[in-house]
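One structure is given below, encoded as structure tokens.
The values are calculated or read from the model by the stated rules, or taken from the named source; none is laboratory data. The model shown is predicted, which means the values in this text are computed figures rather than measured ones. We place every Cβ from the backbone using ideal geometry, glycine too, and count neighbours over all the protein chains shown.
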Amino acid sequence: MASQPCKRARAPQRRHRYRCRVEATLCADLCCGAYMLHGGSQMSEELEGTVNKLGGRAQSAVGDALGDAKTSTEGRIREAAGKIQENYGAAAETVRGFTEELTERIHETPLLAVLAAAGVGYLLGRLTARD
């Protein structure tokens, strides 16, 4: 679900990918600011979720101030989607850290890793075998 980084930071002549009516400028600035903050590479899910959450919060506040129920509801939905994306990014980062640590341990003790895999395979074979 990762999206492309903001194109506006690299090519200002192009239109920004968000087409929000009220907070288009805020949304573009938040997205590009996060893009620049992340070093110009693709934004992490967590950071992009935070940007979407803040943009949704701003859109909702503007919708409430203008009395536009549609804009306010879209903002609340976008804020909720941003929270979900933020949590997904945090979980993905945790899993990424776990796999890196596991890879390090396998490289440090390959014999133990092979024996552990063989043991798990044997146990699964015994559990699923039909007598």
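Descriptive notes on the structure:
- Screening the range 43-62 for residues that are crowded, with 21+ Cβ neighbours inside 10 Å and either more than 18 Å from the chain's Cα centre (by Cα) or not in a helix (DSSP H, G or I) (or both) and picking the one that is modelled with the lowest pLDDT gives M43.
- Residue tally, condition within 21 Å of E46 (Cα to Cα) and either among the β-branched types (V, I, T) or more than 16 Å from the chain's Cα centre (by Cα) (or both), over the range 64-93: 5
- Filter pass, R105 being free of Cβ contacts under 8 Å to residues at least 12 places away in the same chain and more than 30 Å from S44 (Cβ to Cβ): no
- Filtered residues of the range 63-116 (kept if exposed (fewer than 11 other Cβ atoms within 10 Å of the Cβ) and either in contact with a Ser or Thr (Cβ under 6 Å, 6 or more places away or on another chain) or at positive phi (or both)): G67
- First in the range 44-69 and of a type outside the set (S, T, Y), second anywhere and crowded, with 21+ Cβ neighbours inside 10 Å and not in a helix (DSSP H, G or I), Cβ under 8 Å, 6 or more apart: V51/M43; G55/E23; A58/E23; Q59/E23; V62/E23
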